[in-house]
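Reading through the structure tokens given below for one structure.
The values are calculated or read from the model by the stated rules, or taken from the named source; none is laboratory data. Predicted model, so just to flag it, every value in this text is computed and none were measured. We place every Cβ from the backbone using ideal geometry, glycine too, and count neighbours over all the protein chains shown.
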Amino acid sequence: MKSRHLIAILSIFLFSSCIVKSIQPFYVSQALEYNVALKGEWTDNKKGAWEIISFKEVWEKDNDPNVSLSKEDKDAYNRYKEGYFVKYTKKETEASFIAMPFKVNDHIFLDFTPFEYDSDELNGLLGQHLLKTHSVAQVNFNNDEITLKWLSEKAIKSLIKNNRLRIKHEKIGIDQDLVLTASSQELYQFLEKFTVSDFEEKWDNDDIYKLRPADAKP
């Protein structure tokens, strides 16, 4: 399950849109809830293509059931077995993610983590500076359409600046990107409050993706 050119696509897809990134997952294990309706092949409103597959299915395809797993592999399987393997393609550039579905109150969210990238074409030193952080998107179903709304850095920075949110964070790099450093429990509790809040500009339009079945008629 190796994805090529991940760095290029992340620059286009994630970093340029200024979504909120976190060191720790946004979910707690007891909130995980798999939803089969997310599986399938999709196209989005930004000319991207999505393939969302059950992590279990991919695992079973790539691993021989007659071969004993190492403790590390068992831990990885147990950690992600309720999730999805997501392949995102745009302009012939491909990225892959692990996406973990969970519920906050009555809302569905996906925690995204870059899965793997082929660094052969990258400067080795550059590759060692890259960190696979987490991001989170709220999921809404509307008939056959799925909307993914990523948590926007713009909204969170505004809350922090106006003293409406206290959460552990750092600003890193030349661009002073916001990275949350709170624990998963704290991040989940924040999402509980965020989902019921009524402040303006809660979501940034640049970070909203509308997915339709790939075989849907225009």
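Search segment 8-29 for residues being touching a Phe, Trp or Tyr at 6+ places or on another chain (Cβ under 6 Å) and among the hydrophobic types (A, V, I, L, M, F, W, C), and hand back the single one that is modelled with the highest pLDDT. Reasoning before the result, please.
Looking only at segment 8-29, we keep the residues that are touching a Phe, Trp or Tyr at 6+ places or on another chain (Cβ under 6 Å), and these are 19, 27-28.
Add one more test, that the residue is among the hydrophobic types (A, V, I, L, M, F, W, C), and what stays is 19, 28.
Working: Ile19: 89, Val28: 97.
Per the criteria, the residue is Val28.
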(request) Would you please name the residue that is surrounded by the most Cβ atoms within 10 Å (Cβ to Cβ), looking only at residues in segment 188-218 that are outside any loop (DSSP other than H, G, I, E, B) and among the aliphatic types (A, V, I, L, M)? (result) Leu211
(request) Kindly indicate the residue of segment 147-187 that is hydroxyl-bearing (Ser, Thr, Tyr) and part of a helix (DSSP H, G or I) and also modelled with the highest pLDDT among those meeting that condition. (result) Ser184
(request) Would you tally the residues in segment 28-87 being charged (D, E, K, R) and within 16 Å of Phe109 (Cβ to Cβ)? (result) 2
(request) Any chance you could count how many residues in segment 174-205 are touching a Phe, Trp or Tyr at 6+ places or on another chain (Cβ under 9 Å) and over 17 Å from Asn140 (Cβ atoms)? (result) 8
(request) Could you give me the residue pairs with C-beta distances under 6 Å whose first residue belongs to segment 205-216 and is in contact (Cβ under 8 Å) with a residue 24 or more places away in the chain, whose second residue is among the hydroxyl-bearing types (Ser, Thr, Tyr) and outside any strand (DSSP E or B) wherever it lies, and which are 6+ apart or on separate chains? (result) Asp206/Ser17; Asp207/Ser17
(message) Restricting to segment 62-100, count the residues that are closer than 15 Å to Trp42 by Cβ, without any contact (Cβ under 8 Å) to a residue 24 or more places away in the chain and not hydrophobic (A, V, I, L, M, F, W, C).
(response) 0
